[in-house]
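Reading through the structure tokens given below for one structure.
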Amino acid sequence: MTDSRNIVIIGGGHNGLVCAAYLAKAGRKVTVVEAAAQVGGAAATREFAPGYRASVAHLLYLLDQEINKDLALESNGLSIAASGLDTVALAADGNHLTIGADSVEGAGLSSEDKAAYKEYRRFMSKFAAVIGGLHNQVPPRITYERNDLITLGKLALKVRLLGRDDMREFLRIAGINIHDILKENFDNPLLKGALSMDALLGTFSGPRSNNSVFTALHRMSGNNAGAAGAVSIPAGGMGAVTDALAAAATRAGAEIRTGSPVKQILMDGMQVSGVELTNGEQIAAATVVSNADPRTTIMDLLGARNVEAGFARKINNIRAKGNAAKLHLALDDLPGFKGLSQEQLGQRLVIAPSVEYVELAFNHCKYGEYSAHPVAEITIPSVHDSSLAPDGKHVLSAIVQYAPHELGAGWSEGKDAFMKVVFDLLSAYAPDIREKTVASELLTPQDLESEFRLTGGHWHHGELALDQFLMLRPVPKSAQYRAPVDGLYFCGAGCHPGGGIMGSAGRNAANVILAK
Ligand SMILES: Cc1cc2nc3c(=O)[nH]c(=O)nc-3n(C[C@H](O)[C@H](O)[C@H](O)COP(=O)(O)OP(=O)(O)OC[C@H]3O[C@@H](n4cnc5c(N)ncnc54)[C@H](O)[C@@H]3O)c2cc1C
């Protein structure tokens, strides 16, 4: 039954759509089968209350500009509602800090901290570019073959080209924790707390956890037009990016079928032969590409019996404990955040008063509890984009950490209590938030798992850390987007270079398939 021309992509998340678009542009016959009623995965914009829309992933800072250009996202409908957003580090007394691309302002900030911030941005941007330079590379295998050696050599050269002092500093800090680096550079607690969030959102780590400098660099590593880590908001929410990707893929000839969950990947001997949907329909294909996370792909869809036991064990051991909950509020009117103008309400707002506060917030989740005093990244995208809410109304979108996937008390017990904690947190900064709220939605990591098929509710389909990066992602022997089964590939965030709305995993996977 194998159709050697057909390529089936399981999942129409942004990476699956990028992969589909590149393959279809190269003349391949591509069918995307997406379980949900709409494409986009965690980047889809959806109505969470009548007339109010939001997307789980809410800020754009990693989208690869080459992909944007190659797939003509603008002519396929993408427009940006706001770009170059500042980060406002919220203080309960209204004395906030405004953190921009190369300066920081606010009451109580010393001239030393202001100067140190410029230097911090200089070296972090430079180091982030080393990591960003790897995004569009297929990770090398550890062999003596020419291409692998060249790729490794290029990486070493990039590090060497940082210059002697910066290279030493890069090697010193890349594996250590963000708390220590912030302490070395700054005094102001609010500034340190807010900057630590760049390292921690979407991870199972606190400021003192190893690797947290690496994750901060990863967040800044995109080439999304502007300064390193520059943040923008797409008009229509993040779903506008995935809708434009879907349009590009369809224009190139790909077929996209929503409402089509895949039950299993079919095998003909040692070769993939297609997929079977939950309704029993079979689609023949000699190439199957999975945008689902690696564990789901191998353990649930392919079946561990079809791979070596050692490989299955490694896949099963991928660390993927989601910790981020997502809050959407439908607001009757703009909330009154103490000390913020309406213009500032449109910026990226962060609640992380100090690194010590953040570390304490993280501690809870190690023991299966949610934070008593969480941290949050908040946006009110409707300030820039009125299409997200009815006339004159607003949407608040917040990532709230730490909320572990495995809550000891269980989320059916814990969700209402956590919602109260979250409202108490927001009320300390915006006292009228409760009365302005007409509807709300809190997505715990378990909700994200069941609704969006994210194993563990994890942002990156598997923890982003040095031991799960580059040629170790998702696991050795499949880091080149190819599973150890003929015809099966990965293309999602669980592969190099990880999660975030970037598209590189999808494009790299397409390149590997096209080069075959
Ligand atoms: C709370 C939260 C907030 C985030 N905020 C941001 C942010 O502000 N900015 C940012 O850049 N990133 C953010 N992220 C990360 C980002 O959303 C993900 O890294 C990204 O969506 C991964 O894209 P993907 O295409 O690889 O996978 P996904 O978006 O997970 O898409 C995978 C798709 O595969 C489908 N699928 C899975 N199994 C099957 C099956 N059996 N059959 C058919 N289809 C299937 C799913 O339905 C889904 O549509 C956030 C993540 C979370 C959880």
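The values are calculated or read from the model by the stated rules, or taken from the named source; none is laboratory data. Worth saying up front: this structure is predicted, and the values here are computed from it rather than measured. Here the Cβ is made from the backbone with ideal geometry for all residues, glycine too, and neighbour counts use every protein chain on show. These accessible areas exclude ligands, DNA and RNA; they are computed on the full protein's heavy atoms, side chains included. Shrake-Rupley method; radii C 1.70, N 1.55, O 1.52, S 1.80 Å.
Would you confirm, using the coordinates I've provided, whether ALA398 is assigned to a helix (DSSP H, G or I) and among the aliphatic types (A, V, I, L, M)? Criteria not met by ALA398.
Per the listing ASN279, ASN291, ASN306, the residue uniquely more than 27 Å from the chain's Cα centre (by Cα) and within 13 Å of the ligand (Cβ to nearest atom) is ASN279. Taken as a whole, the structure leaves ASP93 outside the set of residues that are open to solvent by 20 Å² or more (accessible area, probe 1.4 Å), of a type in the set (Asp, Glu) and touching a helix residue (DSSP H, G or I) at 6+ places or on another chain (Cβ under 9 Å).
Beta carbons closer than 7 Å, at least 6 apart along the sequence or on distinct chains, pair a first residue in the range 187-216 that is surrounded by fewer than 24 Cβ atoms within 10 Å (Cβ to Cβ) with a second that is of a type in the set (Lys, Arg) and assigned to a helix (DSSP H, G or I) for ASP198/ARG219. For SER450, the test of being modelled with pLDDT of 95 or more and either part of a strand (DSSP E or B) or within 13 Å of the ligand (Cβ to nearest atom) (or both) is passed. What's the total number of residues in the range 47-93 that are farther than 19 Å from ALA389 by Cβ and either aromatic (Phe, Trp, Tyr) or not in a loop (DSSP other than H, G, I, E, B) (or both)? Looking only at that region, the number is 11.
The residue that is nearest to the ligand (Cβ to nearest atom), among those in the range 11-44 that are among the β-branched types (Val, Ile, Thr) and either surrounded by fewer than 24 Cβ atoms within 10 Å (Cβ to Cβ) or more than 19 Å from ILE501 (Cβ to Cβ) (or both), is VAL33.
Of all residues in the range 408-429, one or more are of a type in the set (Lys, Arg), at negative phi, within 16 Å of the ligand (Cβ to nearest atom) and outside any loop (DSSP other than H, G, I, E, B). Total residues in the range 477-509 satisfying the condition of being assigned to a loop (DSSP other than H, G, I, E, B), more than 10 Å from the ligand (Cβ to nearest atom) and in contact with a helix residue (DSSP H, G or I) (Cβ under 9 Å, 6 or more places away or on another chain): the figure is 10.
Among the residues of the range 425-472, those that are over 19 Å from CYS365 (Cα atoms) and of a type in the set (Asp, Glu) comprise ASP432, GLU435, GLU441, GLU451, ASP467. Taking the criterion of being of a type in the set (A, V, I, L, M) and assigned to a loop (DSSP other than H, G, I, E, B), the residues of the range 209-235 that qualify are MET220, ALA225, ALA227, ALA228, ALA230, VAL231, ALA235. Within the range 133-186, the set of residues being under 16 Å from LEU470 (Cβ atoms), open to solvent by 70 Å² or more (accessible area, probe 1.4 Å) and part of a loop (DSSP other than H, G, I, E, B) comprises ARG141, ILE142.
For VAL438, the criteria (1) within 16 Å of the ligand (Cβ to nearest atom); (2) over 22 Å from TYR402 (Cα atoms); (3) touching a strand residue (DSSP E or B) at 6+ places or on another chain (Cβ under 7 Å) hold in every case but one, which is (1). In the range 469-516, the qualifying residues are those that are without any contact (Cβ under 8 Å) to a residue 60 or more places away in the chain and within 18 Å of GLN271 (Cα to Cα), and the one that is surrounded by the most Cβ atoms within 10 Å (Cβ to Cβ) is ARG482. Residue pairs whose Cβ atoms lie under 9 Å apart, separated by 6 or more positions or on different chains, with the first residue in the range 243-264 and near the ligand (Cβ under 10 Å from one of its atoms) and the second of a type in the set (Lys, Arg), are PRO261/ARG453. Residue selection: TYR61 satisfies the criterion of being under 20 Å from GLY498 (Cα atoms) and either within 15 Å of the ligand (Cβ to nearest atom) or buried (at least 22 other Cβ atoms within 10 Å of the Cβ) (or both).
Here VAL358 qualifies as part of a helix (DSSP H, G or I), of a type in the set (A, V, I, L, M) and buried (at least 24 other Cβ atoms within 10 Å of the Cβ).
Selection of the range 363-381 for residues being open to solvent by 10 Å² or more (accessible area, probe 1.4 Å) and modelled with pLDDT of 95 or more yields ASN363, HIS364, TYR367, GLY368, GLU369, TYR370, ALA372, HIS373, PRO381. Applying the condition of being of a type in the set (Gly, Ala, Ser) and at pLDDT 95 or above to the range 340-355 and asking which residue is most open to solvent (accessible area, probe 1.4 Å) yields SER354.
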